[in-house]
C-alpha cells in the first residue's frame, strides 16, 4: 500500500516529508515480524503507526491490542500482560489470560513502554526472544506468537544510563525505529489539520465552520505546539464551541495559545463566579508552576549526574562550585515591594500568599497533589492528567508523600 492510500484509509493529514518517511517505513516493515519502536513527543499521534503495520501485515486477521503501560499500576502489570493463576494473589479468584495470550497470532502495541518496572522488562525480554512466558503464580511455560510494537516519548538511552530501562531490552525493541516528528517541524501541515478539525467539530456541534484571518493563520503556524496534534485539536474544539464570530482573528486566537514555558501561565477562562472550584485560584496556579519547576530541576539534576567526566562538588562552604556541577535552580524575581519575602519565586507581579512556615518545593508539591486529588474525587487518572504527569509518577508521589 502506498503512502497516499495509507493516509486516506487512516485519515492522516499532512504533506511533511518527515511524516511521509515515517509512514513509508511502517508500510515497508509491515510484511515482516521485526520489532518496531515508535518514538516522538506526547500528542504527535504515535498510535497510528502500529495500526498501519497491523493492517498491512499477515496478522491483519488476528487480534490487535493496544496497552498503555503507564496507566496500569505496577502491582498488576505482570498479571495484565502475562495472566495469572487462581489464588496467586489476593483478589485472584479465577485463572486469567494476559494480553500475550489473547493476542496470540496478532499484534500487541505497548504504549509508554518506558514506564514498565524492571522486573516486567525481564519478562518482556524473554517473551520477545523465545516466545515463552509464565503466568503469575504458575510454573508452566506457555508459548505465544505475537508481533510486538512499542512506543515512548521518553529518551530511552538516558533512561538506560539512569538505570530505569534495560539496555538489552532496548536493542531488542529498537530493531526498526520510527520517529514521528513534532508538529512544530511540520509547519505546512498545521493549517491543514486545523481545517480538518474545525470541519469535524462544525459537523458534530451543528454550527458554521471556524475560519482564520491571515494574521491568525500565521500565528497558528508559528506557535511551538508543545502538546502537538492533540493540543491543536483541543484549540479547534474550543474555538468551535466558544467563539460567536466564526472568523477568528489573531488577537482572539492568542487567548487560546498559552506560552509553553512553566514561567508563563496558561490563560484561565472563568465565565462563572470567581468562587467556582472548577477554576484554579492564583495560589493554585503558583503551586502548579512550582510543581513544573521541580520536575525540570529533577530532570536537570539527572542529566548532570549522567555527564561524563563530571568534576566533584566541593564541600559545603568550600568556595565556588565548579562548572557543570551546579543544579540549575529557579531564580527568584527581584522584589519590588517591601513586604515581599526574600527568596520567593514569583512568576507574576502580584504577591501570592504562601504560608510562611513552610513553602519548600516538597511541601507545595504535596499540597498541589492533594488539592488535585480532592478536585477529582480521588480519581488518579484525571489527577495525573491535570498535573501533566504519568499515572505511575503520581502513584510514586502519593506513596512518597504518604498521601491517604
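Taking the residues in segment 162-194 that are without any contact (Cβ under 8 Å) to a residue 12 or more places away in the chain and outside any loop (DSSP other than H, G, I, E, B) as candidates, determine which candidate is nearest to residue 50 (Cα to Cα). By that ranking, first place goes to 171. Summed over segment 156-189, the residues that are over 20 Å from residue 35 (Cα atoms) and surrounded by 21 or more Cβ atoms within 10 Å (Cβ to Cβ) give a count of 3. May I ask you to verify whether residue 209 is surrounded by fewer than 16 Cβ atoms within 10 Å (Cβ to Cβ), at pLDDT 95 or above and part of a loop (DSSP other than H, G, I, E, B)? Against the criterion (surrounded by fewer than 16 Cβ atoms within 10 Å (Cβ to Cβ), at pLDDT 95 or above and part of a loop (DSSP other than H, G, I, E, B)), residue 209 qualifies.
Listed conditions (1) touching a strand residue (DSSP E or B) at 6+ places or on another chain (Cβ under 9 Å); (2) under 20 Å from residue 255 (Cβ atoms); (3) surrounded by fewer than 20 Cβ atoms within 10 Å (Cβ to Cβ) are all met by residue 138, apart from (2).
What is the residue count in segment 38-73 for residues that are assigned to a strand (DSSP E or B) and within 23 Å of residue 184 (Cβ to Cβ)? Residues meeting the conditions: 2.
For segment 382-396, a residue qualifies if it is assigned to a helix (DSSP H, G or I), in contact with a helix residue (DSSP H, G or I) (Cβ under 6 Å, 6 or more places away or on another chain) and under 22 Å from residue 77 (Cα atoms), and the qualifying residues are 383, 384, 391, 392, 394.
Restricting segment 12-31 to residues that are in a loop (DSSP other than H, G, I, E, B) and touching a residue at least 40 places away in the same chain (Cβ under 8 Å), which is farthest from residue 200 (Cα to Cα)? It would help to see each step written out before you state the result.
Within segment 12-31, the first condition is being in a loop (DSSP other than H, G, I, E, B), and the residues that meet it are 12-16, 30-31.
In the following step, the residues that additionally are touching a residue at least 40 places away in the same chain (Cβ under 8 Å) were identified as 13-16.
On the way: 13: 13, 14: 16, 15: 20, 16: 22 Å.
Selected residue: 16.
For segment 100-140, the set of residues classified as farther than 25 Å from residue 160 by Cβ and either free of Cβ contacts under 8 Å to residues at least 40 places away in the same chain or not assigned by TED's automatic domain parsing to the domain that holds residue 61 (or both) consists of 102, 139, 140, listed by residue number.
The values are calculated or read from the model by the stated rules, or taken from the named source; none is laboratory data. Keep in mind that this is a model prediction, so the values were computed, not measured. Counting neighbours? That spans all protein chains shown, and the Cβs are built from the backbone with ideal geometry, glycine included.
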